[in-house]
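Below is one structure; the comments refer to it alone.
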Amino acid sequence: MNREHKLTRQIEDFIAFKRGMGFLIIIEAEELRRFGRFARERGHQGALTADLALDWVAASPAYTRWYKARRLETVRTFARFALAVDPETQMPPAGVFGRAHLRTSPYIFTENEVVLLMQQAKQLHSPDGLRGITVSTVIGLLWATGLRVSEACRLSREDVHYQCSELHIRDTKWLLLIIVGRSWTLTLLYVMIN
């Protein structure tokens with residue numbers, strides 16, 4: 001990393017600023033460092049320009065429209081920060097490559113579908129007989145609590161508190177501790193486990 005390069009220094013300052021505010025920005029940091037390297041390799045010495053940003057965003061014909069939109073979103077987020085500290089910064093135009101986030105509508109399972117799925121999961125082949133019961137239990141837990149799969153996978157026995165009807169979910173997507181306090185949910189979990 002070359003801290004003497006203006007854009008590289010601003011990128012590192014932005015990453016430090018965001019992380020200081022509690023954001024992880026792992027992928028965004030990698031992308032912005034690639035952008036800084038791109039600028040250095042081109043011999044760009046000044047502030048961020050819209051042309052430089054768009055050239056970087058579309059640097060390869062192999063990039064998909066969605067990936068270009070994500071790269072543009074990342075560099076625009078950085079540009080807002082850079083503009084606050086350097087008035088020569090140009091803001092790249094928004095939406096040149098369309099929307100960066102395309103989310104499909106979630107499918108909400110009915111109670112009957114969940115019960116059927118749990119029954120079918122119990123039929124999974126398992127050498128020790130635990131796979132079907134485990135998968136069925138996790139499906140019921142996800143449905144009853146609204147947990148993410150990753151949150152359910154990280155649960156341990158210490159996270160289940162039967163006495164106070166609480167389920168502690170640690171290391172959530174937003175790094176919070178969530179306490180699920182539905183006695184019927186924990187009763188269901190207790191019955192499924194035992």
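Quick grid of which residues meet (1) in a loop (DSSP other than H, G, I, E, B); (2) free of Cβ contacts under 8 Å to residues at least 12 places away in the same chain; (3) of a type in the set (A, V, I, L, M):
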site: SER126; (1), (2), (3): yes, yes, no
site: VAL135; (1), (2), (3): no, no, yes
site: TRP143; (1), (2), (3): no, no, no
site: GLU158; (1), (2), (3): no, yes, no
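Being loosely packed, with under 11 Cβ neighbours inside 10 Å and not in a helix (DSSP H, G or I): is that true of ALA100 here? Show your work before the answer.
Working: loosely packed, with under 11 Cβ neighbours inside 10 Å: no; not in a helix (DSSP H, G or I): yes.
Here the answer is no, as ALA100 does not meet what is asked.
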Would you confirm, using the coordinates I've provided, whether VAL115 is surrounded by 12 or more Cβ atoms within 10 Å (Cβ to Cβ), within 30 Å of GLY140 (Cβ to Cβ) and more than 21 Å from the chain's Cα centre (by Cα)?
yes
Residue by residue through the range 26-47, note down the ones that are more than 13 Å from VAL75 (Cα to Cα) and under 19 Å from the mean Cα position of the chain (by Cα).
ILE26
When (1) part of a helix (DSSP H, G or I); (2) surrounded by fewer than 17 Cβ atoms within 10 Å (Cβ to Cβ); (3) under 26 Å from the mean Cα position of the chain (by Cα) are applied to PHE78, the one that fails is (2)
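Take the range 122-172 and flag every residue that is among the aromatic types (Phe, Trp, Tyr) and either within 19 Å of GLU111 (Cα to Cα) or at pLDDT 80 or above (or both).
Initial filter on the range 122-172 (among the aromatic types (Phe, Trp, Tyr)): 143, 162.
TRP143 - this is the single residue of the range 122-172 that is among the aromatic types (Phe, Trp, Tyr) and either within 19 Å of GLU111 (Cα to Cα) or at pLDDT 80 or above (or both).
Any residue at all in the range 107-129 that is among the aliphatic types (A, V, I, L, M), over 30 Å from ALA144 (Cα atoms) and in contact with a helix residue (DSSP H, G or I) (Cβ under 6 Å, 6 or more places away or on another chain)? Give the steps one after another, and end with the answer.
Within the range 107-129, the subset among the aliphatic types (A, V, I, L, M) is 108, 114-118, 121, 124.
Still in the running and over 30 Å from ALA144 (Cα atoms): none.
There is no residue in the range 107-129 that is among the aliphatic types (A, V, I, L, M), over 30 Å from ALA144 (Cα atoms) and in contact with a helix residue (DSSP H, G or I) (Cβ under 6 Å, 6 or more places away or on another chain).
Yes/no per residue for (1) closer than 17 Å to ASP13 by Cβ; (2) at pLDDT below 95; (3) of a type outside the set (S, T, N, Q):
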{"site": "GLU31", "(1), (2), (3)": "yes, no, yes"}
{"site": "LEU48", "(1), (2), (3)": "yes, no, yes"}
{"site": "ASP51", "(1), (2), (3)": "no, no, yes"}
{"site": "PRO61", "(1), (2), (3)": "no, yes, yes"}
{"site": "ALA82", "(1), (2), (3)": "yes, no, yes"}
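Take the residues in the range 145-156 that are in a helix (DSSP H, G or I) and polar (S, T, N, Q); name whichever of them is surrounded by the most Cβ atoms within 10 Å (Cβ to Cβ).
THR145
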Would you be able to tell me the number of residues in the range 87-114 that are farther than 30 Å from ASP51 by Cβ and polar (S, T, N, Q)?
4
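The values are calculated or read from the model by the stated rules, or taken from the named source; none is laboratory data. Predicted model only: the values in this text are computed from it and were never measured. So basically every Cβ, Gly included, is an ideal-geometry build from the backbone, and we count neighbours across all protein chains shown.
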